[in-house]
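Undergrad: Shown below is the structure under consideration.
The values are calculated or read from the model by the stated rules, or taken from the named source; none is laboratory data. Predicted, not measured: the structure shown is a model, and the values here were computed from it. In this analysis, Cβ positions are derived from the backbone assuming ideal geometry, glycine residues included, and neighbour counts consider all displayed protein chains. SASA here: full protein model, heavy atoms, side chains in, ligands and nucleic acids out. Shrake-Rupley method; radii C 1.70, N 1.55, O 1.52, S 1.80 Å.
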Amino acid sequence: PTGWHLPDDTEWDALMEGFGGDKSAGGKFKESGFEHWKSPNTNADNATLLTFKPNGMLSQEGNLRV
């Protein structure tokens, strides 16, 4: 659609700040519960209704595992 674009870093940072910053914004995008997220998944309430879901995970060494 007209005007649609992928957000740049400035737009993404503003979105995150609008939902409490890096430490708390993640939960506003995630569903609560453990169907798709590992415990503890604290503060996840999906307030944005975007329902982000995980895709892979980082190992303790920092390597992505899909």
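Undergrad: Considering only residues that are of a type in the set (A, V, I, L, M, F, W, C), assigned to a loop (DSSP other than H, G, I, E, B) and open to solvent by less than 70 Å² (accessible area, probe 1.4 Å), which ones fall in segment 21-37? Step through it out loud before you land on a result.
TA: Going residue by residue through segment 21-37, those that are of a type in the set (A, V, I, L, M, F, W, C) are 25, 29, 34, 37.
Now restrict to residues that are assigned to a loop (DSSP other than H, G, I, E, B): 34, 37.
Matches in segment 21-37: W37 only.
Undergrad: Being open to solvent by 80 Å² or more (accessible area, probe 1.4 Å) and either modelled with pLDDT of 85 or more or in contact with a helix residue (DSSP H, G or I) (Cβ under 7 Å, 6 or more places away or on another chain) (or both) narrows it down to one of L58, L50, so name that one.
TA: One residue alone meets the criteria, L50.
Undergrad: Cβ contacts < 6 Å: first residue within 17 Å of N41 (Cα to Cα), restricted to segment 1-27; second residue open to solvent by 100 Å² or more (accessible area, probe 1.4 Å) and modelled with pLDDT under 90, any location; separation 6+ or different chain. Result?
TA: If the second residue must be open to solvent by 100 Å² or more (accessible area, probe 1.4 Å) and modelled with pLDDT under 90, the pairs left are G27/N43.
Undergrad: Could you grab me the full set of residues in segment 36-52 that are of a type in the set (V, I, T) and more than 17 Å from L15 (Cα to Cα)? So that I can check it myself, show each step before the final result.
TA: If we filter segment 36-52 for residues that are of a type in the set (V, I, T), which is where we start, we get 42, 48, 51.
Correct list: T42 only.
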